[in-house]
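The structure appears right after this line, and notes come after that.
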Amino acid sequence: MDLFALDGRVAVVTGGNGGIGLGMAKGLARAGASIVVAARDAKKNKAAVRELEALSAQVLAVETDVRQTESCRTLFSKAADAFGAVDILINNAGMNVRLQPEEYDIDSWNTVLETNLTSAMLCSKYAHPLMARQGGGKIINIGSMMSIFGSSYAPAYAASKGGVVQYTKSCAVAYSKYNVQVNAILPGWIVTEMTDEFGRLFPERYAAIEGRTPSGRWGQPQDLAGTAVFLASSASQFVSGVSIPIDGGYSVQ
C-alpha cells in the first residue's frame, strides 16, 4: 500500500489557480487526487485547469469569493455534486495590504482578516459535514512564517496568519472525533505574485532574503507540494494540530 497515494480522493484548494495554491494542487494531482480549484479569477482558473488536466487529473473550477458565506456554501455543494465527496481541503486563499500599523483603516484591516482567516472558518464549516458523513478527511490551513514572528509592514497579515495556527489547533481537537486531521503549513519566502509585489515595494529587503535563508535561495511553489501530499494522505493519519514551516530554515535563526 502506498501511504502517499491519493487515488480516488477529492481535494478543494482555495486560491488554487496560481502560486503556492497551484503548486500544492499539482502535487496532489500527481499523487492521484481530483482537484477543485476555488478562486475568483475565471481566466486564471481556466489556465490552472489546463495545467492540472495535463497531469491527467480530473479538475473542476468554481469561481469563489472565500469571504462570502454563500459563495463558500456553493463551492462545496458543487464539489460534492461533481465528485461525490470532499476528502481534502486546503485553505490557501490569501492576500496582504502592506502598511504600518497606524496606517490601516478598518476596511483594509477587515479585508485581510476576512480573506486569510475568516475564509478558513467558512470553508472548514462547509467541508466538515461532508467529511464527517464519509468517515474522515484532511484539512490543511496555510499560515506563514509570520504566524511565528511579526512584521512592521504587514501587521494585519501577521495577525491573520497567527490566527490560522490557533484555529488549526482548535479544529484539530474538535474534529478528531470525526477522523478529520487538521494541520497547517507555514510557507516562508516563496516566489509568487504576492512576493513580486513585495520586491517592488522593498527591493533592498527582497535582495537580502536569499542571504538570510540557510538554504541559500527563495522557495518555489512546488517546494510545498510534498508536505501537502503528506498531510493529505494516510501517511499523516496520526498527525493533527501541527504547523510545519516550509521556509528553507529562515525561521530557525
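Of note:
- Per-region count, segment 78-93, residues open to solvent by 40 Å² or more (accessible area, probe 1.4 Å), assigned to a helix (DSSP H, G or I) and in contact (Cβ under 8 Å) with a residue 12 or more places away in the chain: 3
- Residue list for segment 109-119, filter: open to solvent by less than 30 Å² (accessible area, probe 1.4 Å) and within 14 Å of the chain's Cα centre (by Cα): Thr115, Asn116, Ser119
- Taking the listed residues Thr192, Thr213, the one that is open to solvent by less than 20 Å² (accessible area, probe 1.4 Å) and either at pLDDT below 95 or touching a strand residue (DSSP E or B) at 6+ places or on another chain (Cβ under 9 Å) (or both) is Thr213, with no other qualifying.
- For segment 131-138, the criterion of a residue being part of a helix (DSSP H, G or I), open to solvent by less than 30 Å² (accessible area, probe 1.4 Å) and at pLDDT 95 or above is satisfied by at least one position.
- Scanning segment 94-130 for residues that are within 23 Å of Gly188 (Cα to Cα) and not in a helix (DSSP H, G or I) turns up Gly94, Met95, Asn96, Val97, Arg98, Leu99, Gln100.
- Which listed residue is closer than 26 Å to Gly137 by Cα and in contact with a helix residue (DSSP H, G or I) (Cβ under 9 Å, 6 or more places away or on another chain), from Val180, Val191: Val180
- Test set (1) assigned to a loop (DSSP other than H, G, I, E, B); (2) open to solvent by 40 Å² or more (accessible area, probe 1.4 Å) - Ser151 fails condition number: (2)
- Residue list for segment 158-177, restricted to those being among the charged types (D, E, K, R) and open to solvent by 70 Å² or more (accessible area, probe 1.4 Å): Lys169, Lys177
- Residue among Thr74, Thr14 that is at pLDDT 95 or above, of a type in the set (S, T, N, Q) and within 13 Å of the chain's Cα centre (by Cα): Thr14
- If the condition is being in contact (Cβ under 8 Å) with a residue 60 or more places away in the chain, open to solvent by less than 70 Å² (accessible area, probe 1.4 Å) and more than 19 Å from Ala184 (Cα to Cα), then segment 19-60 contributes Ala31, Ala33.
- Checking Ala5 against (1) over 21 Å from Gln181 (Cβ atoms); (2) more than 18 Å from the chain's Cα centre (by Cα), the condition it does not meet: (1)
- Of the criteria (1) out of contact with any Gly (no Cβ under 8 Å at 6 or more places or on another chain); (2) surrounded by fewer than 21 Cβ atoms within 10 Å (Cβ to Cβ); (3) at pLDDT 95 or above; (4) aliphatic (A, V, I, L, M), which one Leu122 fails: (2)
- Neighbours by Cβ (under 9 Å, 6+ apart or cross-chain): first from segment 242-253, open to solvent by less than 50 Å² (accessible area, probe 1.4 Å); second of a type in the set (D, E, K, R) and outside any loop (DSSP other than H, G, I, E, B): Ser243/Lys169; Ile246/Asp223; Gly248/Asp223; Tyr250/Arg212
The values are calculated or read from the model by the stated rules, or taken from the named source; none is laboratory data. This structure is a prediction, so every number in the text was calculated from the model and none was measured. FYI the Cβ positions are ideal-geometry reconstructions off the backbone, even for glycines, and counts take in every protein chain you see. These accessible areas exclude ligands, DNA and RNA; they are computed on the full protein's heavy atoms, side chains included. Shrake-Rupley method; radii C 1.70, N 1.55, O 1.52, S 1.80 Å.
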